[in-house]
Amino acid sequence: MMVGRILTSEDCMAEGAEWLAAHEPRFAHALRLTGTPPLRRRPDGFAHLLSAIVSQQVSTHAARAIWGRMEGAGLTTPEAVLAADDETLRAPGLSMQKMRYARALASAGIDFDALRVLPDEEITRILTEVSGIGRWTAEIYAMFSLGRADVFAPADLALQESAKRLFHLPDRPREAAMRRMAADWTPWRTVAAGLLWAYYRVETEREGII
């Protein structure tokens, strides 16, 4: 398999948003309300994957606070995480479970440079072999740190809630149903997620993603 489109600029996001608006009237409605969603590219590498683990199952505000303390303590490299004792890792706000996940990632030996040229599903396979990294975390990393244009995170609760509101669904779609919906938005599923997060923010006045 070949590596697909990489999102490198706001123009890429605008191209994807225009395609989605032409393809699906509800996205046209969302785009009128939100404007083109931002690129939100982040660097790749260990620290940014660890940050995604820190963000699991906590609010965006809490995730930012914990990660800020992790950065302040210098706990952003594999060497620093493996050298830290429980008290040092607990101080920024990591639970025992997330301490285990951080150490698992630090000892996994992932070749982050190699991930840049692998197909999306291969990235997910490699990352989810690490304890504590599920599909959501792998997909978020592929979207934001690697800039993949056609990745979606169907387990994301904000995406599910936004889809329910935008498409006037009776219930919030679960992961499997959300994945089926998103299949129709290829090859711009990452941009579709950006539109849904932006729509969520407009509808709820809350951030859906850090």
### Task
Would you check if there is a residue in the range 52-67 being at positive phi and open to solvent by 30 Å² or more (accessible area, probe 1.4 Å)?
yes
### Query
Yes or no: Thr190 in contact with a strand residue (DSSP E or B) (Cβ under 8 Å, 6 or more places away or on another chain) and hydroxyl-bearing (Ser, Thr, Tyr)?
yes
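This table checks each residue for (1) part of a loop (DSSP other than H, G, I, E, B); (2) open to solvent by less than 20 Å² (accessible area, probe 1.4 Å).
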position: Val130; (1), (2): yes, yes
position: Ser162; (1), (2): no, yes
position: Arg165; (1), (2): no, no
position: Pro170; (1), (2): yes, no
position: Trp185; (1), (2): yes, yes
position: Val191; (1), (2): no, yes
### Summary
Among (1) under 16 Å from Ala198 (Cβ atoms); (2) of a type outside the set (Phe, Trp, Tyr); (3) touching a Gly at 6+ places or on another chain (Cβ under 8 Å), Asp150 falls short only on (1)
### Query
Looking at the range 132-154, which of its residues are over 9 Å from the mean Cα position of the chain (by Cα) and open to solvent by less than 40 Å² (accessible area, probe 1.4 Å)?
Gly132, Ile133, Gly134, Leu146, Gly147, Arg148, Ala149, Asp150, Val151, Pro154
### Message
If a residue counts only when it is β-branched (Val, Ile, Thr), in contact (Cβ under 8 Å) with a residue 40 or more places away in the chain and under 23 Å from Ile126 (Cα atoms), which helices (runs of 4 or more DSSP H) contained entirely in the range 11-105 have at least 1 such residues?
### Response
46-55
### Query
Tally time: how many residues in the range 1-29 are in contact with an Asp or Glu (Cβ under 9 Å, 6 or more places away or on another chain) and among the aliphatic types (A, V, I, L, M)?
2
### Query
If you take the residues in the range 106-121 that are open to solvent by 60 Å² or more (accessible area, probe 1.4 Å) and in a helix (DSSP H, G or I), which one is modelled with the lowest pLDDT?
Glu121
### Task
Could you check Leu49 against (1) touching a helix residue (DSSP H, G or I) at 6+ places or on another chain (Cβ under 8 Å); (2) over 20 Å from Ser145 (Cα atoms); (3) among the aliphatic types (A, V, I, L, M) and say which number it fails?
(2)
### Message
Here's a check for you: in the range 20-51, which residue that is modelled with pLDDT of 95 or more, out of contact with any Ser or Thr (no Cβ under 8 Å at 6 or more places or on another chain) and among the charged types (D, E, K, R) is surrounded by the fewest Cβ atoms within 10 Å (Cβ to Cβ)?
### Response
Arg32
### Task
Show the residue pairs that are 6+ apart or on different chains and have beta-carbon atoms under 7 Å apart, the first residue being within the range 124-135 and free of Cβ contacts under 8 Å to residues at least 12 places away in the same chain, the second being open to solvent by 10 Å² or more (accessible area, probe 1.4 Å) and not in a helix (DSSP H, G or I).
Thr128/Gly134
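The values are calculated or read from the model by the stated rules, or taken from the named source; none is laboratory data. On a predicted model such as this, the values are computed, not experimentally measured, just so you know. When we count neighbours, we look across all protein chains shown, and the Cβ atoms used for this are built from the backbone with ideal geometry, even at glycine. For the accessible areas, the whole protein counts, side chains as well, though only heavy atoms, and no ligand, DNA or RNA atoms are used. Shrake-Rupley method; radii C 1.70, N 1.55, O 1.52, S 1.80 Å.
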